[in-house]
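Only one structure is covered here, and it is reproduced in the block below.
The values are calculated or read from the model by the stated rules, or taken from the named source; none is laboratory data. Computed from a predicted structure; not experimentally measured. Cβ coordinates were reconstructed from backbone atoms using ideal geometry, including for glycine residues, and neighbour counts include every protein chain displayed. Please note that ligands, DNA and RNA were not included when accessible areas were found on the heavy atoms of the full protein model with its side chains. Shrake-Rupley method; radii C 1.70, N 1.55, O 1.52, S 1.80 Å.
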Amino acid sequence: MTDAGPDGTSAVPVVPRHKLPEHYSLAAVREEAFANGTTPPPGVTLADADTHRGQAAGFEAAAVALRSHRRLSDAVEMLRRLMQRLEHRGDETVYPSPWRAGYFRAVSDAVTTIERTLAAEQFDATRERRLERRMMRIDMQR
């Protein structure tokens, strides 16, 4: 992986917050289908079936993290903890190395995408409070 400047990530589209869980659920289904022998589209080469199963598990973990946490930063933290636990669990009889590699690749991709979405949101807390107060005033006038 090379270090790219800020312009390096601008070519990659940002997935909107509300689409992230669906994005990773569909990615998990796609990877599971590849693991079970579905023919890939032209130009796509398949990896080992265990690698695809690991990627499916990683993408599903990302979808679950996004559904179960309101804040994106909490979902990222959960995914990082899951990766850390898997790194410390060196038992390859339970998780073969191709599966682990696929899982790490999928979760790392998810973390990067979620962080890119979070950075693109440009949250302004004071603006949100002003809008909230304005909405309360409108409701009270009715």
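For the reader, a short list of remarks on this structure follows.
- Burial ranking of peptide ranges 95-102, 67-74 (average Cβ count within 10 Å, highest at the top): 95-102, 67-74
- Carbon/sulfur fraction of accessible area - segment 41-122, other protein chains in place, 1.4 Å, %: 50
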